[in-house]
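Chemist: Take this structure first; my questions come after.
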Amino acid sequence: MIRDATPEDWPAIWPFFHRIVRAGETFTYPVDLAADTARDWWLLTAPNRTVVAVDEDGTVLGTAKMNNNQWGNGAHIASASFMVDPDRTGRGTGRALCEHALQWARQQGFHAMQFNAVVATNAPAVHLYESLGFRVLGTVPEGFRHPVHGPVGLHIMHRPL
Ligand SMILES: CC(C)(COP(=O)(O)OP(=O)(O)OC[C@H]1O[C@@H](n2cnc3c(N)ncnc32)[C@H](O)[C@@H]1OP(=O)(O)O)[C@@H](O)C(=O)NCCC(=O)NCCS
């Protein structure tokens, strides 16, 4: 089930959020991001939205935030970010969250969705987004300093709605 995230969900989100960010392999957030800052960055308020995907027993499996990608005359393009608990990947949560974000963006009247910084070596994310109709518009050469692979590309991915 996917529902709106509340501040009460943060203690369940932070452990896997922290693990993903600290690994430094998939997000351009500072690897030492503090919990309070992370909560302020992640838990968006209307008209933007943050959701959690929960199991039948209420366990938080993953989370997504969705928002305008730019302001003013660029505000008709949406963006979104996704994190699934690394211990619970590969069971369709990421796909469900991404489909939910696309539906939200359509309902909000956005014209397209854009991801600004998809690490080229992040195969599950690139595969998921391409399977949902996104394509790589371009790649910032060596735009990401991967802790294992070294400098790798950073994709801008886009999908009209
Ligand atoms: C990317 C992420 C959100 C996917 O979540 P998930 O719950 O594992 O997603 P799903 O179970 O829906 O699987 C998504 C697809 O990835 C595929 N996949 C998994 N590992 C893969 C790999 N190494 N190479 C290619 N595809 C892979 C799955 O097979 C699935 O595709 P399918 O439905 O066609 O079989 C999750 O891995 C995650 O949170 N990663 C860390 C944070 C992150 O990278 N966020 C996105 C930043 S742009």
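Chemist: What are the ³J(HN,Hα) values, in whole Hz, obtained from phi via the Karplus relation 6.51 cos²θ - 1.76 cosθ + 1.60 with θ = phi - 60°, for each residue of region 110-121 in sequence order, with x given for Gly and Pro?
Modeler: With the stated coefficients, region 110-121 comes to 5, 8, 6, 10, 10, 10, 8, 8, 9, 5, 4, 7 Hz.
Chemist: Next up: Filter the chymotrypsin sites (Phe, Trp or Tyr not before Pro) in region 45-114 to those in DSSP coil with at most 15 other Cβ atoms within 10 Å of their Cβ, and list the result. Could the numbers behind the result be given before it?
Modeler: Values: sites: Trp71, Phe82, Trp104, Phe110; in loops: Trp71, Phe110.
Sparse-neighbourhood loop chymotrypsin sites (Phe, Trp or Tyr not before Pro): Trp71.
Chemist: I'd like to know which of Gly24, Val119, Val51 lies farthest towards the positive end of the charge dipole of region 2-160, counting +1 on Cβ of Lys and Arg and -1 on Cβ of Asp and Glu.
Modeler: Going by the charge dipole, the pick is Val119.
Chemist: Just flag the chymotrypsin sites (Phe, Trp or Tyr not before Pro) in region 1-46 sitting in loop per DSSP whose Cβ has no more than 10 other Cβ atoms within 10 Å. Numbers along the way, then the final one.
Modeler: Values: sites: Phe16, Phe17, Phe27, Trp41, Trp42; in loops: Phe27.
Of the chymotrypsin sites (Phe, Trp or Tyr not before Pro), not one in the loops of region 1-46 has a Cβ with at most 10 other Cβ atoms within 10 Å.
Chemist: Can you give the extra length, in nm with one decimal, that the chain gains between Ala34 and Glu8 once fully stretched, where that is 0.36 nm per residue apart less the Cα-Cα distance? Spell out each step's value before the answer.
Modeler: Numbers: separation 26, 0.36 × 26 = 9.36 nm, distance 1.76 nm.
Result for the pair: 7.6 nm of gain on full extension.
Chemist: While we're on this one: How much length would be gained if the chain were fully extended between Glu99 and His149, taking 0.36 nm per residue of separation minus their Cα-Cα distance, in nm to one decimal? Each step should come with its number before you reach the end.
Modeler: Details: separation 50, 0.36 × 50 = 18.00 nm, distance 2.97 nm.
Full extension from Glu99 to His149 adds 15.0 nm.
Chemist: Calculate the FRET efficiency for Ala23 and Asn73 from the Cβ-Cβ distance with a Förster distance of 25 Å, rounded to the nearest 0.05. Walk me through the intermediate numbers first.
Modeler: Numbers: r = 36 Å, r/R0 = 1.45.
Using R0 = 25 Å, I get an efficiency of 0.10.
Chemist: If you don't mind, there's one more thing I want to ask. Which shape class, rounded, prolate or oblate, goes with region 76-161 when its Cα gyration tensor gives a ≥ b ≥ c as root eigenvalues, a/c under 1.5 marks rounded, and past that a/b bigger than b/c marks prolate?
Modeler: Details: a/c = 2.41, a/b = 1.29, b/c = 1.87.
It comes out oblate by the Cα gyration axes.
Chemist: Evaluate the Kirkwood expression for the hydrodynamic radius of region 2-160, namely the inverse of the mean inverse distance over all pairs of different C-alpha atoms, and round to one decimal in Å.
Modeler: Roughly 16.0 Å, rounded to one decimal.
Chemist: Spelling out what I want: for every residue of region 142-148, take phi, set θ = phi - 60°, compute 6.51 cos²θ - 1.76 cosθ + 1.60 (Karplus), and round to whole Hz; glycine and proline get x.
Modeler: 6, x, 9, 8, 6, x, 10
Chemist: Name the shape class, rounded, prolate or oblate, that the alpha-carbon gyration tensor gives for region 7-63, where a ≥ b ≥ c are the square roots of its eigenvalues, rounded holds for a/c under 1.5, and otherwise prolate holds if a/b is larger than b/c and oblate otherwise. Numbers along the way, then the final one.
Modeler: Numbers: a/c = 1.92, a/b = 1.30, b/c = 1.48.
In terms of gyration-tensor shape, oblate.
Chemist: In region 1-86, what GluC sites (Glu not before Pro) fall in a loop by DSSP, with at most 16 other Cβ atoms inside 10 Å? Walk me through the intermediate numbers first.
Modeler: On the way: sites: Glu8, Glu25, Glu56; in loops: Glu25, Glu56.
Those satisfying the criteria are Glu56.
No value in this document is a laboratory result; all are computed from the given coordinates. Nothing here was measured: the structure is a model prediction, and the numbers come from that model. Neighbour counts are summed over all protein chains in view; Cβ atoms, including those assigned to glycine, are modelled from backbone coordinates with ideal geometry.
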